[in-house]
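To start, the structure itself, in structure tokens.
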């Protein structure tokens with residue numbers, strides 16, 4: 001008899017512990033804001049901020065900004081939730097189960113998909129209420145987080161492309177200054193090749209070569225209809241220019257020079273020029289502090305100097321329990337005060353033009369990146385997102401590796417995209 | 001008489017009680033595990049099956065709708081999925097036979113050689129190493145001027161840029177997979193080898209068999225069940241290959257879809273393109289394929305004599 005009781009007790013206690021753990025988990029996930037339900041005067045509201053962290057310094061910066069915000073708003077507490085691994089993969093189920101952080105980073109490349117899905121909170125009402133000055137943001141950045149005229153996020157920082165060049169390599173080939181146009185580039189490339197050097201390294205990625213297409217008057221995407229326009233004839237010259245440069249070995253893929261991305265061969269002195277964003281600068285400081293390089297504006301083609309901007313916003317989850325407080329936090333983090341801290345840290349280029357001047361004073365070699373945003377289109381293709389990018393990248397890759405014509409590449413991209421969407 | 005009778009009844013009764021009790025206690029003990037299994041495994045599988053008949057996005061619940069078999073039908077018209085299936089099949093055909101043969105070979109050798117333990121550990125080590133770490137290591141080995149190409153250069157052969165070549169990317173991943181999992185199957189074979197009675201070898205030796213003949217006519221047939229297990233496990237593993245392809249191609253399946261495997265395609269569709277319904281349908285098609293292949297093998301290799 002005693003034995004039996006013991007047995008039951010053992011089993012029951014295991015059960016109790018495990019069910020307790022399950023319940024505990026459930027509560028852990030939904031916390032972050034059931035406090036105000038009881039009374040409107042609730043002392044403190046806790047908000048969650050979702051972010052990725054490219055380095056410990058980034059987390060420290062956000063912590064500093066949040067602390068300054070908490071000081072000004074004593075009844076709002078903010079906890080950081082740093083998502084490691086694939087950000088979008090982690091975010092999706094959180095948004096679906098309404099357990100997403102109150103405000104969080106959104107990258108411009110998939111922003112339209114989240115906006116169109118209704119997972120994000122429209123901000124226009126709060127922008128008006130709080131009198132947020134949005135004209136201070138560069139238009140391209142603001143537009144990156146608007147969908148059908150509604151604002152779903154405010155940019156916190158930005159990046160564009162510039163031409164980075166290895167000074168001693170250019171000098172060896174007898175080139176005085178970096179090319180200002182792509183025609184000049186082709187002449188310089190010939191000189192570099194004559195000396196056995198690789199002129200420029202860039203990946204076969206629409207995220208980098210799309211400015212060529214735009215410069216020559218083409219466009220892969222129509223914003224108004226949210227449709228891909230690969231097969232437009234105007235796209236051929238830009239793509240042809242890109243493919244031809246690969247054929248002539250003016251452009252070489254980073255992979256062929258033994259790197260995941262162009263920064264690696266550039267830091268190793270294996271290539272004279274690269275087209276990268278401002279993330280190259282801290283990378284060069286770390287890996288090749290002695291290499292003497294310059295940063296010039298992205299060369300123009302056909303009299304146009306389009307650029308591409310990669311930007312990240314703070315957006316609000318529609319499921320938030322405290323939209324007013326979350327909006328306050330969002331506006332603070334994208335406001336002049338917080339962005340000044342960003343500018344000082346030098347981690348990213350602040351999105352407000354009023355802060356950029358101060359930023360450039362401290363970090364003058366970022367000028368080309370800041371100027372680039374004037375003629376930049378955001379790196380995003382509506383809700384077509386990743387499918388669009390995959391379709392055109394794989395087709396372009398085939399064009400270069402298997403010698404296909406630009407027209408074939410474009411119709412292949414179109415066909416692939418169609419086959420992925422038709423359901 | 002009467003006393004005896006009641007006694008037996010009581011005994012009978014109590015033994016039945018106690019067996020029910022025992023079963024109940026048993027169920028109570030497994031209940032936590034069972035609950036976890038149902039909540040975190042069976043439940044999601046059933047739900048995935050349910051959404052595989054829908055156009056389904058996590059984020060946009062309003063637009064989720066029932067589409068019947070459309071996801072499944074579309075799969076067989078989707079060139080990207082078919083390419084992924086083809087790559088995965090090639091990968092399996094390349095990896096499974098080589099891996100099995102190599103594992104058997106190593107097991108037989110390690111079983112006889114001096115310093116057994118050392119070799120067991122040495123060959124098993126890659127299996128317990130993270131596949132991502134292994135992939136990164138192989139990315140270095142297979143670089144245009146990496147170790148492999150420098151070795152080839154000694155013989156005057158100009159090696160390709162493996163992971164950026166549509167022809168060589170998949171074979172390079174195969175080599176990586178064989179290297180990293182062969183140890184695991186070697187261990188299974190080693191266990192199988194212990195089970196073969198020595199008398200069989202002695203009897204065969206008396207009959208004049210030796211060397212290769214012993215291996216061919218005793219070791220291999222006696223390892224039949226083990227081989228079945230190894231092939232099934234290796235086949236399931238190869239059809240579910242993901243990490244290596246993900247790391248080597250940076251998550252895209254490139255170059256030119258050469259390293260796009262079914263699971264990688266599924267991952268891209270589900271988490272990047274947000275078509276969960278379609279991705280679920282893909283998972284069930286893969287499940288069906290693995291199931292059918294396993295049944296065929298069971299029929300060919302695994303039957304009891």
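Using a 10 Å cut-off around each Cβ of peptide A:87-93, what is the average number of partner chain Cβ atoms that fall inside?
Mean shielding by partner chains, rounded to a whole number: 3.
Report relative contact order for region A:273-423 in percent, whole number only (criteria: Cα-Cα under 8 Å, sequence separation at least 6).
22 percent
At a temperature of 4 °C and a viscosity of 1.567 mPa s, determine how fast region B:50-154 diffuses translationally according to Stokes-Einstein, using the Kirkwood radius over alpha-carbon pairs as Rh; express D in µm²/s, rounded to the nearest whole number.
After rounding, the answer is 69 µm²/s.
What value does chain B have for Rg/Rh, both radii from Cα atoms and Rh as Kirkwood defines it?
1.12
Per the Kirkwood definition applied to all pairs of different Cα atoms, how many angstroms is the hydrodynamic radius of the protein assembly as shown?
Every distinct Cα pair counted, the radius reaches 29.9 Å.
Relative contact order of chain A, please, whole-number percent, based on alpha carbon pairs below 8 angstrom and at least 6 residues apart.
Across chain A, relative contact order equals 23 percent.
Of the listed peptides A:248-258, A:346-356, B:284-294, B:156-166, what is their order by residue-averaged count of other C-beta atoms within 10 Å, with the highest listed first?
Going from most to least packed, we get A:346-356, A:248-258, B:156-166, B:284-294.
Tell me the label-point distance for the pair residue A:97, residue A:405, using the 7 Å Cα-to-Cβ offset, in nm and rounded to one decimal.
My value for the distance between the label points is 5.4 nm.
For the protein assembly as shown, what is the mean residue ellipticity at 222 nm derived from helices alone (per DSSP H run of n ≥ 4: -39500 (n - 2.57); sum divided by total residues; nearest 500 deg cm²/dmol)?
-17500 deg cm²/dmol
If I take R0 = 41 Å and measure r between the Cβ atoms of residue B:212 and residue B:33 in this structure, what FRET efficiency does the formula 1/(1 + (r/R0)^6) give, to the nearest 0.05?
0.30
Which percent, to the nearest 5, of DSSP beta bridges fully inside the protein assembly as shown are antiparallel?
60 percent
Could you give the distance between the Cα centres of region A:317-396 and region A:144-179, to the whole Å?
About 13 Å separates the Cα centre of region A:317-396 from the one of region A:144-179.
Hey, what did chain B get for relative contact order, percent, Cα under 8 Å, at least 6 apart?
That works out to 26 percent.
Let's test this: bin the Cα-Cα distances of chain A at 10 Å from zero up to the farthest pair and state each bin's percent.
Answer for chain A: a P(r) of 4, 19, 27, 23, 14, 7, 3, 2, 1, 0 percent.
Could you work out the pair-distance distribution P(r) of region A:139-283 from its alpha-carbon pairs, with 5 angstrom bin width and percents rounded to whole numbers?
Over region A:139-283, the share of Cα pairs per 5 Å bin runs 2, 9, 16, 19, 18, 15, 10, 7, 4, 1, 0 percent.
Where Rh is the Kirkwood radius over the Cα pairs of region B:57-107, the temperature 4 °C and the viscosity 1.567 mPa s, what D in µm²/s does Stokes-Einstein return?
Values: Rh = 14.4 Å.
Value of D from the Cα-based Kirkwood radius: 90 µm²/s.
Rounded to the nearest 10 degrees, what's the angle between the helix A:353-362 long axis and the longest principal axis of chain A, both from Cα atoms, 0 to 90?
Tilt of helix A:353-362: around 70 degrees.
Taking the 0 to 90 degree range and rounding to the nearest ten, how far is the long axis of helix A:385-401 tilted relative to the main principal axis of chain A, both from C-alpha atoms?
It is inclined by approximately 30 degrees.
Of A:357, A:382, A:85, which has the largest mean-square fluctuation in a 10 Å C-alpha GNM of chain A?
Looking only at A:357, A:382, A:85, the largest GNM fluctuation is found for A:85.
In nm, to one decimal, how far is the modelled label at residue A:227 from the one at residue B:195, with both set 7 Å along Cα→Cβ?
Distance between label points: 6.3 nm.
How are the Cα pair distances of region B:151-218 distributed, in percent, across 5 Å bins from 0?
Histogram of Cα-Cα distances, whole percents per bin: 4, 12, 12, 12, 12, 9, 9, 10, 9, 8, 4, 0.
Classify region A:50-146 from the C-alpha gyration tensor, please: rounded if a/c falls under 1.5, else prolate or oblate depending on whether a/b exceeds b/c.
It comes out rounded by the Cα gyration axes.
Separation between the residue B:155 and residue B:40 pseudo-spin-labels, each 7 Å from Cα along Cα→Cβ, expressed in nm?
4.9 nm
Since every read-out is calculated from the coordinates, none of them should be taken as a lab result. What you see is a predicted model, and the numbers here were worked out from it, not measured in a lab. Positions of Cβ are backbone-derived with ideal geometry, glycine not excepted, and every protein chain shown enters the neighbour counts.
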